[in-house]
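Single-structure report; data block below.
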Amino acid sequence: MVEKIEKLIPIETTHLVISQNILPYFIEYNLTGGRTFDVLMYRYPIDILQKKLDGIYDIHQQSNTLNEYRAPNSIIINEDKGLKKARKIVTPHRKISELFFQKSILLNCSINIEKNITLEKGLKVLFPGSSLARKGAFEVRKIVQEFELPLVIKKDAMETKSFWNNVYIEYADSKDIFKNIELIIYPAYI
């Protein structure tokens, strides 16, 4: 990957915009080559993510998956170096923008969201993420149980086989995941 990226950067380039997921590799292999760069950031830094996962685990200790997502120290260190060296942090995420204060550019991606949704019995709810604690599965389960709502989920990773016991679930149509959906809930921590 690094060799391919290096060949794609014209030698006369003086400034780069680097996606957060490849930033550690740019730093490790010095692909910035003395150029200035901005980082397009769509998630918290890995060290913060891992601390958040530890905090979520304190709440949901029955989760088998919260300890899975851990990056090697070299990735964490190189991401941190890159974020410190970046000229600007470009993000649509308000909290990430606040982390980097004067160094950040907050993209305006505002969407009008109806704040007072009336949840009625029978309303079909889609949980588009994997049924894992870090994706908010425990919170979704609590909401659909409390309001007795049918839940549509994807057929992929799950906390346990019995995780959705006592919840009416359907599996999403693989061709049209949004078919007959009236509400989408995706309270992902990361």
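The values are calculated or read from the model by the stated rules, or taken from the named source; none is laboratory data. The structure presented is a predicted model; accordingly, all values stated were derived computationally and were not measured. All Cβ positions, glycine included, derive from the backbone under ideal geometry; neighbour counts span all protein chains shown. SASA here: full protein model, heavy atoms, side chains in, ligands and nucleic acids out. Shrake-Rupley method; radii C 1.70, N 1.55, O 1.52, S 1.80 Å.
For this structure, a couple of remarks:
- Any hit, the range 147-161, residues being part of a helix (DSSP H, G or I) and either more than 20 Å from the chain's Cα centre (by Cα) or surrounded by 12 or more Cβ atoms within 10 Å (Cβ to Cβ) (or both): yes
- Among the residues of the range 119-135, those identified as open to solvent by less than 100 Å² (accessible area, probe 1.4 Å) and modelled with pLDDT under 80 are Leu119, Gly122, Leu123.
- Test for Phe138: is it surrounded by 12 or more Cβ atoms within 10 Å (Cβ to Cβ), of a type outside the set (Gly, Ala, Ser) and not in a loop (DSSP other than H, G, I, E, B): yes
- Scan the range 162-175 for residues that are open to solvent by 70 Å² or more (accessible area, probe 1.4 Å), part of a loop (DSSP other than H, G, I, E, B) and out of contact with any Pro (no Cβ under 7 Å at 6 or more places or on another chain) and the total you get is 4.
- Here Ala86 fulfils each of the conditions (1) open to solvent by less than 80 Å² (accessible area, probe 1.4 Å); (2) at pLDDT below 95 apart from (2).
- Applying the set (1) touching a residue at least 12 places away in the same chain (Cβ under 8 Å); (2) within 22 Å of the chain's Cα centre (by Cα) to Lys142 leaves exactly one unmet item: (1).
- For the range 1-70, the helices (runs of 4 or more DSSP H) that sit wholly inside it and include 1 or more residues that are exposed (fewer than 12 other Cβ atoms within 10 Å of the Cβ) and out of contact with any strand residue (DSSP E or B) (no Cβ under 7 Å at 6 or more places or on another chain) are 2-8, 46-59.
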